[in-house]
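Okay, structure first, notes after.
Bear in mind that the values in this text are calculations on the coordinates, not laboratory data. Computed from a prediction, not measured in an experiment: that's the story for all the values here. Note that each Cβ is placed from the backbone with ideal geometry, even for glycine, and that neighbours are counted across all protein chains shown.
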Amino acid sequence: MRVEAVELRVVELPLRFPFETSFGREEVKRAVLVCAQAEGLEGWGEAPVMAAPLYNEETVETAWHVLRDFLVPAVLGAPVAHPREVRERLRFVRRHHMAKAGLEAAVWDLFAQRAGRSLRDLLGGVRERVEVGVSLGIEPTVPELVRRVEAFVRRGYRRVKVKIRPGWDVDVVREIRHQFPDLPLQVDANSAYALEDAPVFETLDEFGLLLIEQPLGEDDLVDHAKLQARLRTAVCLDESIVHPHDARKAIELGSCRVVNIKPARLGGLAAALDTHDVCASHGIPVWCGGMLETGIGRLANLALASLPNFRLPGDLSASDRYFEEDLIEPPVVLEPDGTVRVPAEAGIAPRVRRDRVDRVTVRREWIRA
Ligand code: OSB
Ligand code: MG
């Protein structure tokens, strides 16, 4: 297959609920969408970048620049026998993983459609439904967060993750635990602490959390290992794992006992598959994280999360947790048993609602060979 043309777009969708983490607050979901054309088909991918370089170093502007000027030209017109080759072809560009993931996903979608197979099958997924949870941001007060937890538990979410940061941690978890003694609960610090804060985590260790996500610096596998050695609760790495070999090193060092896999952070689905396999070979469970993706990115993440070593519920909530109106039809819905159905249809594009994409597009450009 040869990709004949690519359309890049920046989209902006209002989030139903502002999302606050230790690094900042988002009220609008932005992304760079990639639509690749080949053989009369369209493939869609999402680079779920934010406006500011707070989660990782990328932004909407860097993704746009790197896609338009480097990544897309490297793929246009070149023969691609399998979507895994896209990663090799893009390797000459250092980092810029979210930008790469958006383009690679569009090519996976093209291949799925051409083969008449689901992305799940192409990736080697085995489940028809995946267990999902909900990730809740920092709220102005603890009672407000407790009300949000309650609302999502009532809707059927069976696992809740709450964001923590210094000053919004132990009291928050204690109160949620008090109200929901049996709720599968986990926390995410997005790198907001240092090893000197270990006593905070030793206190959190008493609340039977599923895991503690990315407590320390993204570049600090060594201190994560020291922290993990002091805790019964599993440390889970998100920001620190940007390459499959990071997972191997983190596991060897004892920096974590669980890994969060996000194709966007790792540079695409191929890197996510390799990370899944590295973790599986070491007996380390993984789960699928999210970046508040639109349905376009979410459908690909759902397909990935159907692989066997995804053994914990994903941050893969239903469309209505994020948006009044998602970019796909039908939207992602939560089943009564707290799962989400993994799409069995061939590719993502048939579900993309172009009219809605057009309405939220703030910038677009065609790139041709
Ligand atoms: O750290 O997992 C994170 C959203 C944006 C940036 C980073 C993170 C998140 C989430 C949201 O936790 C997960 C979701 O998409 O529901
Ligand atoms: Mg995280």
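For the chain, DSSP calls about 65 percent of its internal beta bridges antiparallel. Among Arg265, Arg354, Arg298, sorting on how many other beta-carbon atoms sit within 10 Å of each Cβ, with the fewest leading, yields Arg354, Arg265, Arg298. Taking other Cβ atoms within 10 Å as a rough exposure proxy, His276, His243 sort from fewest to most as His243, His276. With the alpha-carbon atoms of segment 121-341 aligned to their principal axes, the span from lowest to highest coordinate is 47, 41, 24 Å, starting with the largest. Sorted ascending by nearby beta carbons within 10 Å, beginning with the fewest, Cys35, Cys288 become Cys35, Cys288.
Magnitude of the Cβ-charge dipole of segment 309-363, K/R +1 and D/E -1, about the Cα centre, nearest 20 debye?
On the way: 9 positive and 11 negative charges, 52 e Å.
With only Lys, Arg, Asp and Glu charged at Cβ, the dipole is about 240 debye.
Couplings 3J(HN,Hα) for segment 305-319, derived from phi with the Karplus relation 6.51 cos²θ - 1.76 cosθ + 1.60 (θ = phi - 60°), are 5, 8, 6, x, 8, 7, 10, 10, x, x, 7, 10, 7, 5, 3 Hz, where x marks Gly and Pro.
Can you give me the Kirkwood hydrodynamic radius for segment 4-140, using every pair of distinct Cα atoms, in Å to one decimal?
Roughly 16.3 Å, rounded to one decimal.
Computed over the chain, the per-residue total of -39500 (n - 2.57) for DSSP H runs of n ≥ 4 gives a 222 nm mean residue ellipticity of -10000 deg cm²/dmol, rounded to 500.
More than 23 Å apart: what percent of Cα pairs in segment 77-236 qualify? Roughly 55 percent, rounded to a whole number.
Here the Karplus relation 6.51 cos²θ - 1.76 cosθ + 1.60, evaluated at θ = phi - 60°, turns the backbone of segment 342-349 into coupling constants of 7, x, 9, 6, 6, x, 9, 3 Hz, with x for every Gly and Pro.
Rg/Rh for segment 137-179 stands at 0.94; both radii use Cα atoms, and Rh follows the Kirkwood definition. Residue pairs exceeding 19 angstrom between C-alpha atoms, taken from Lys29/Lys262; Lys163/Lys262; Lys161/Lys226; Lys100/Lys249: Lys161/Lys226; Lys100/Lys249.
Remind me, relative contact order of the chain in percent, using alpha carbon pairs under 8 angstrom and six or more residues apart? Normalised by residue count, the contact order of the chain is 23 percent. Annotation: segment 1-66 has a Kirkwood hydrodynamic radius of 13.2 angstrom, from the mean reciprocal C-alpha pair distance.
Over the chain, the ratio between the Cα radius of gyration and 2.2 N^0.38 Å evaluates to 0.94. Seen from all directions on average, segment 269-322 presents a Cα convex hull projection of 3.5 nm². Run the numbers on segment 121-341 and let me know its relative contact order in percent, using alpha-carbon pairs under 8 Å that are six or more apart. Relative contact order comes out at 22 percent. Counting charges near Ala198 (Lys, Arg +1; Asp, Glu -1) among other residues having Cβ under 11 Å from its Cβ returns a value of -3. Calculated on the Cα set of segment 261-355, radius of gyration then Dmax: 13.4, 45 Å.
With distances taken between every two different alpha-carbon atoms, segment 156-224 has a Kirkwood hydrodynamic radius of 12.4 Å. Between Asp337 and Ala78, what FRET efficiency comes out of the Förster formula 1/(1 + (r/R0)^6) with R0 = 30 Å and r the beta carbon distance, rounded to 0.05? Step by step, r from the Cβ atoms, then E = 0.10.
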